[in-house]
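Visitor: The structure is given below, and queries will be raised subsequently.
No value in this document is a laboratory result; all are computed from the given coordinates. Note that the coordinates shown come from a computational prediction; the quantities given were computed from them, not determined experimentally. Every residue, glycine as well, gets a Cβ built from its backbone with ideal geometry; the counts of neighbours run over all protein chains shown.
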Amino acid sequence: MDQQHLVRMANSIGDFFEAMPDRQEALGGIAGHIKRFWEPRMRKELMAYVDAGGHGLQDIVREAIAGDRIA
């Protein structure tokens, strides 16, 4: 899977949830969306990308993934 495609998709999810006034709810929404709708292979690759620095991911997306571990 193309990592840049995963980054774009994750950032799109982040764009939606970042508008929420409650940051913790937004973080949970991002992680929950990825858990529900992304297949395990995609989640694993995204986590590895974050562990390698997560270049290009929005801060809120990185925080949601690091805080919740989407595996």
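Visitor: So for the chain, what are the equivalent ellipsoid semi-axes in whole Å, largest first, each being the square root of 5 times an eigenvalue of the Cα gyration tensor? Kindly include the intermediate steps, with their values, before the conclusion.
Guide: Details: eigenvalues 62, 30, 24 Å².
Semi-axes from the Cα gyration tensor: 18, 12, 11 Å.
Visitor: Compute the long axis of helix 59-68 from its Cα atoms, compare it with the longest principal axis of the Cα atoms of the chain, and write down the angle in degrees, 0 to 90, nearest 10.
Guide: 80 degrees
Visitor: Then there is this: Using 0.36 nm times the number of residues separating N11 and D59, minus their current alpha carbon distance, what extension gain do you get?
Guide: On the way: separation 48, 0.36 × 48 = 17.28 nm, distance 0.93 nm.
So the chain would gain 16.3 nm between N11 and D59.
Visitor: Kindly express, to the nearest 10 degrees and within the range 0 to 90, the angle between helix 23-37's C-alpha long axis and the longest C-alpha principal axis of the chain.
Guide: 40 degrees
Visitor: Taking 0.36 nm per residue of sequence separation and subtracting the Cα-Cα distance, how much length would be gained by fully extending the chain between Q3 and E45, in nm to one decimal? Display every interim value, and only then the final one.
Guide: Values: separation 42, 0.36 × 42 = 15.12 nm, distance 0.76 nm.
Computed gain between Q3 and E45 is 14.4 nm.
Visitor: Relative to the Cα centre, what is the charge dipole magnitude of the chain, using +1 at the beta carbon of each Lys and Arg, -1 at the beta carbon of each Asp and Glu, and rounding to the nearest 20 debye?
Guide: Details: 9 positive and 11 negative charges, 56 e Å.
It comes to approximately 260 debye.
Visitor: So how tilted is helix 3-18 from the main axis of the chain? Cα-based, degrees 0 to 90, rounded to 10.
Guide: Helix 3-18 sits roughly 10 degrees off the main axis of the chain.
Visitor: For the stretch 3-68, what's the relative contact order in percent, using C-alpha pairs closer than 8 Å and at least 6 residues apart? Working shown, then result.
Guide: Values: 46 pairs, mean separation 30.2, N = 66.
Value for the stretch 3-68: 46 percent.
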